[in-house]
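Participant: Have a look at the structure that comes next, please.
We did not get these values from a lab; they are worked out from the coordinates using the rules stated. What you see is a predicted model, and the numbers here were worked out from it, not measured in a lab. Here Cβ is always computed from backbone atoms with ideal geometry, including for glycine, and neighbour counts include all displayed protein chains.
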Amino acid sequence: MNKENKETLINKLEKGRAEFAYKCIQESLINLKPFELNSVKFLEDAVNSIKDTIINKMNKEIKEEKIKDLLDSPYEYSLKDKYNTLTDEEKKVINFYKNLLKNYRSYIKNIPTMILSNGLGQTLAFIKSKSEKGNAYELIYEQLTEYMRSPYTTRMQMPEDKKELIDWVISCDSEKYRYITQEILAFLNWLKRFAEGLIEEEEE
């Protein structure tokens, strides 16, 4: 492979990684919808988990159909002008969602440093231990898993027969482990960029 073709391939792979990260933020987090790339659907279970968690937490205070209406455009309702038009019950639904955004933005910023300090395996174990149905850690873990299963990785792809990202990572030899670490750090870099660019930071 000559230098020009190699650079073209690298650019193509980086573009694919960036597109996947953008969809993770814009679609699965901001719009709470799974997304498709090349006719393959990603993060459907993770998005449903977030919605189910909010509905189950709030359905005693507000009708389920109204919750579903709010979750059709949650980010729009989280912005100041729309948020101020909501009832107190509706605000509780959107507050749950706003907390998810806030936590996600914070965690994505800190996870790369954790990987560099403690290693990928230990960091994934921490994320997994903090994961609860519908919370930001669960979403991040699922995003990392689905990215490593996708064709948008550059050198290492998670085998189809592996169910858990962390189990696969810690079973790899040192060379593969290093490649996976580099791959996940590169993906997290894009997630961090898009989280900072697309998620409005609340004023304290």
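Participant: Taking only the C-alpha atoms, wrap a convex hull around the range 3-198 and report its volume per residue in Å³ as a whole number. Write down the numbers at each step before the final one.
Facilitator: Details: hull volume 25.6 nm³, N = 196.
Spread over its residues, the Cα hull of the range 3-198 gives 131 Å³ apiece.
Participant: Give the lysines reachable from residue 63 as a straight Cα distance under 29 Å; neighbours fewer than 8 places away on the same chain don't count.
Facilitator: Candidates past the 8-residue exclusion: 33, 51, 80, 82, 91, 92, 98, 102, 133.
Participant: Right, next: How about residue 12: which lysines have a C-alpha closer than 17 Å to its C-alpha, ignoring those fewer than 8 places off in the same chain?
Facilitator: The reachable lysines, counting only those whose Cα sits under 17 Å from residue 12, are 3, 23.
Participant: In the chain, with Lys and Arg counted as +1 and Asp and Glu as -1 at Cβ, which of these residues, 70, 43, 182, has the Cα nearest the positive end of the dipole, that is, farthest along it?
Facilitator: Among 70, 43, 182, the one farthest towards the positive end of the dipole of the chain is 182.
Participant: Exactly which chymotrypsin sites (Phe, Trp or Tyr not before Pro) in the range 124-171 are in a DSSP loop and have at most 10 other Cβ atoms within 10 Å? Before the final figure, lay out each step's value.
Facilitator: Details: sites: 126, 137, 141, 147, 152, 168; in loops: 152.
Sparse-neighbourhood loop chymotrypsin sites (Phe, Trp or Tyr not before Pro): none present.
Participant: Show which aspartates and glutamates lie in cross-link reach of residue 15 when reach means a straight Cα distance below 18 angstrom and same-chain residues fewer than eight apart are skipped.
Facilitator: 4, 7, 27, 36, 146, 183
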